[in-house]
Amino acid sequence: MYYREYFFYLKERLPEKCYEVLKECYKTQKNDIENNFKLLHNSIVKVETVDILLPIKETYYHMNYEILLREELIMKDDSRENRYKLDRFGIYLLHYLND
């Protein structure tokens, strides 16, 4: 129950533009996000998950990515230039807010 409350609180703190890109990511990659959640939620050891890349937005400001990075919802994807992927907490947030 604690996670759900925390993520609802976090969603309210995020600027609307930040949550919009996460919401779009969930719409396009729902199955991968839910599968990753199940792997992470039920594991005791480190597990391999599918990379969930955020959509490329021309009108999305760099500061919005910085906010998501600071909240540890996304991380830079080292294998792709100027791309970001969901971090574990980003997966949890999208699962709990869309459950």
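The values are calculated or read from the model by the stated rules, or taken from the named source; none is laboratory data. What you are looking at is a predicted structure, and each value in this text was computed from that prediction instead of being measured. In this analysis, Cβ positions are derived from the backbone assuming ideal geometry, glycine residues included, and neighbour counts consider all displayed protein chains. Accessible surface areas use protein heavy atoms only, side chains included; no ligands, DNA or RNA. Shrake-Rupley method; radii C 1.70, N 1.55, O 1.52, S 1.80 Å.
Over 21 Å between Cα atoms: which of Lys11/Lys46; Lys23/Lys46; Lys30/Lys57; Lys17/Lys57 fall into that group? Mind showing how you got there, number by number?
Numbers: Lys11/Lys46 27 Å; Lys23/Lys46 26 Å; Lys30/Lys57 19 Å; Lys17/Lys57 11 Å.
Flagged as over cut-off: Lys11/Lys46; Lys23/Lys46.
Assuming R0 = 30 Å, can you tell me the calculated FRET efficiency for the pair Leu40 and Lys17, based on Cβ-Cβ distance, to the nearest 0.05?
0.70
So what is the calculated 222 nm ellipticity per residue for the chain, using -39500 (n - 2.57) for each DSSP H run with n of 4 or more, over all residues, to the nearest 500 deg cm²/dmol? Write down the numbers at each step before the final one.
Values: 4 runs with 57 residues, N = 99.
Result for the chain, helices only: -18500 deg cm²/dmol.
For His62 and Leu10 in the same chain, what is the full-extension length gain: residue separation times 0.36 nm, less their Cα-Cα distance, in nm?
16.8 nm
What ranking do 6-17, 40-51 get when scored by the average of other Cβ atoms within 10 Å per residue, highest first?
Details: 6-17: 13.0, 40-51: 10.6.
So the peptides 6-17, 40-51, ranked by packing, come out 6-17, 40-51.
Would you mind classifying segment 36-99 by shape? Square roots of the alpha carbon gyration tensor eigenvalues, ordered a ≥ b ≥ c; an a/c under 1.5 is rounded, otherwise it is prolate if a/b is larger than b/c and oblate if not.
prolate
Ignoring ligands, DNA and RNA, what accessible area per residue does the chain give at 1.4 Å, in Å²?
Value for the chain: 67 Å² per residue.
Would you mind telling me the share, in percent, of accessible area of the chain contributed by carbon and sulfur at probe 1.4 angstrom?
Numbers: 3270 of 6680 Å².
Here carbon and sulfur together make up 49 percent of the probe-accessible area.
Kindly identify segment 1-65 as rounded, prolate or oblate by the Cα gyration tensor criterion: order the square roots of the eigenvalues as a ≥ b ≥ c, call it rounded if a/c is under 1.5, otherwise compare a/b with b/c, prolate if a/b is larger, else oblate.
Because a/c hits 1.5 or more and a/b fails to exceed b/c, segment 1-65 counts as oblate.
Explain nothing, just compute: Karplus ³J(HN,Hα) = 6.51 cos²θ - 1.76 cosθ + 1.60, θ = phi - 60°, for every residue of segment 47-57 in order, whole Hz, x for Gly and Pro.
10, 7, 10, 6, 5, 10, 7, 6, x, 7, 10
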